[in-house]
């Protein structure tokens, strides 16, 4: 037990610094990375060697590049669409649809919000949904419904966390994504139901509609993950629900409300994503360039960052004449997330390659079948909540799962991916964005924090229960 506690102390330090001492994640990640190197040098894990050191830095570099090549162009895209007023235009567009409150909630939580968050990530969907929902419902209800609309987290930023999770778990991204879609299915239904309840909807018909729309959302998400991959699955699931909603609106009103011209980058990004994935699936060109490390590999041409970069450059060419490219804003916005992810990846790779996870893996292996799934859901959910990132949660927990000798390895990895994503939903970074957009007072902020933590706990319980059922009873 002493050996286990010593080897896991870097992760314990990270959690303590963030939750107890309330230090920023970047500082906690730096402290954790420094501690793991000190412990390795003192002989707390495997022997220090140049070969292991080389493997650590190779794999860390590849994982970091695969992440940064999505985060950086993604943040540039976010800055430019904000500057162009796209989120506000989308909010006004939804109001023009003239739907009833139940239809608005279902459309936003399972259609618009997942679509926007899956395309860009970083909480961008909140920029459109928070002001919109607060205008349709009470302030408290609007903030809580917007938070529930972040349900697509494991597929945010074009499925980045699921792709990175697949690399860490040594699984195809399609396998991890499709398994995660089934693990997350009850979470989708539960959070959408909570959003509908927060809106004060009590009549039976909207709840039946919610069941049908959720089933459609899950079916599309699972199918696209399985056949194409996680990069486009969240986008197409949200888009499908949005298109069905617009079709119903057209049949009732006899006219369509035009998509706002200011929001053209979202349509362009959707087109580039779908076109590039279709080309790569049919041709296999994405496999022409593969960067390999000791235990991981990366296909740069298959990166969703490529689509983000293309559309970002297109936007920049249209806006540069008036305002110039926002280099300073991009640097300020990217420096902490990118540095934090790098340090978390470095921490995880040292723990994997230097033997820090041996005792943890033995402990997990010794757990009985029924107790293993809840333990993994709890660890991953806490990791996602603490780091405020699905990628961060996967980075901390997934390596331990990858080394387990279990016939249920893909399901266990999916539980990590889902629990970390749905745990990150209630993180302080997401809450800070919501309260900032809403101009919330101290009382409203505290109420939202309690509500978000309750959602995180509920999500962990749901993922654990779903995992137990899928792993051991089906």
ask   = Does the stretch 161-172 include one or more residues that are assigned to a loop (DSSP other than H, G, I, E, B), under 25 Å from residue 96 (Cβ atoms), in contact with a helix residue (DSSP H, G or I) (Cβ under 6 Å, 6 or more places away or on another chain) and touching a residue at least 40 places away in the same chain (Cβ under 8 Å)?
value = no
task = Being under 19 Å from residue 451 (Cβ atoms) and in a helix (DSSP H, G or I) is the filter here, so list the residues in the stretch 120-130 that pass it.
result = 125, 126, 129, 130
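Residue-by-condition table, conditions (1) out of contact with any strand residue (DSSP E or B) (no Cβ under 8 Å at 6 or more places or on another chain); (2) surrounded by 13 or more Cβ atoms within 10 Å (Cβ to Cβ); (3) closer than 14 Å to residue 74 by Cβ:
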position	(1), (2), (3)
262	yes, yes, no
289	yes, no, no
306	yes, yes, yes
311	yes, yes, yes
message = Given the condition crowded, with 21+ Cβ neighbours inside 10 Å, touching a helix residue (DSSP H, G or I) at 6+ places or on another chain (Cβ under 9 Å) and over 26 Å from residue 336 (Cα atoms), answer yes or no: does some residue in the stretch 41-48 qualify?
response = yes
request  = Return the residue satisfying two criteria in turn: it lies in the stretch 317-332 and is in contact (Cβ under 8 Å) with a residue 24 or more places away in the chain and surrounded by fewer than 17 Cβ atoms within 10 Å (Cβ to Cβ), and of such residues it is farthest from residue 83 (Cα to Cα).
outcome  = 329
inquiry  = Pairs please, first residue from the stretch 115-140 and without any contact (Cβ under 8 Å) to a residue 40 or more places away in the chain, second anywhere and surrounded by fewer than 24 Cβ atoms within 10 Å (Cβ to Cβ) and in a helix (DSSP H, G or I), Cβ atoms under 6 Å, 6+ apart in sequence or on different chains.
reply    = 133/142
ask   = Of (1) touching a residue at least 40 places away in the same chain (Cβ under 8 Å); (2) surrounded by fewer than 24 Cβ atoms within 10 Å (Cβ to Cβ); (3) at negative phi, residue 367 satisfies all except one. Which?
value = (1)
request  = Output the number of the condition that residue 379 fails; it satisfies all remaining conditions of (1) crowded, with 16+ Cβ neighbours inside 10 Å; (2) within 19 Å of the chain's Cα centre (by Cα); (3) under 30 Å from residue 127 (Cβ atoms).
outcome  = (3)
message = Can you name every one of the helices (runs of 4 or more DSSP H) wholly within the stretch 372-474 that holds 3 or more residues which are more than 17 Å from residue 152 (Cα to Cα), touching a helix residue (DSSP H, G or I) at 6+ places or on another chain (Cβ under 8 Å) and modelled with pLDDT of 90 or more?
response = 409-424, 442-472
ask   = Looking at the stretch 237-246, is at least one residue in a helix (DSSP H, G or I), in contact with a helix residue (DSSP H, G or I) (Cβ under 6 Å, 6 or more places away or on another chain) and within 15 Å of residue 154 (Cβ to Cβ)?
value = yes
query = For residues in the stretch 334-369 being modelled with pLDDT under 80, in contact with a helix residue (DSSP H, G or I) (Cβ under 7 Å, 6 or more places away or on another chain) and part of a helix (DSSP H, G or I), which is nearest to residue 56 (Cα to Cα)?
reply = 352
query = Looking at this structure, is residue 27 modelled with pLDDT of 85 or more, assigned to a helix (DSSP H, G or I), surrounded by 11 or more Cβ atoms within 10 Å (Cβ to Cβ) and in contact with a strand residue (DSSP E or B) (Cβ under 9 Å, 6 or more places away or on another chain)?
reply = no
inquiry  = Let me confirm something: among 115, 147, 132, which residue is closer than 21 Å to residue 460 by Cα, surrounded by 24 or more Cβ atoms within 10 Å (Cβ to Cβ) and touching a helix residue (DSSP H, G or I) at 6+ places or on another chain (Cβ under 7 Å)?
reply    = 147
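The values are calculated or read from the model by the stated rules, or taken from the named source; none is laboratory data. Being a predicted model, the structure only gives us computed values, none of them experimental. Note: ideal-geometry Cβ built from the backbone for every residue, glycine included; neighbour counts use all protein chains shown.
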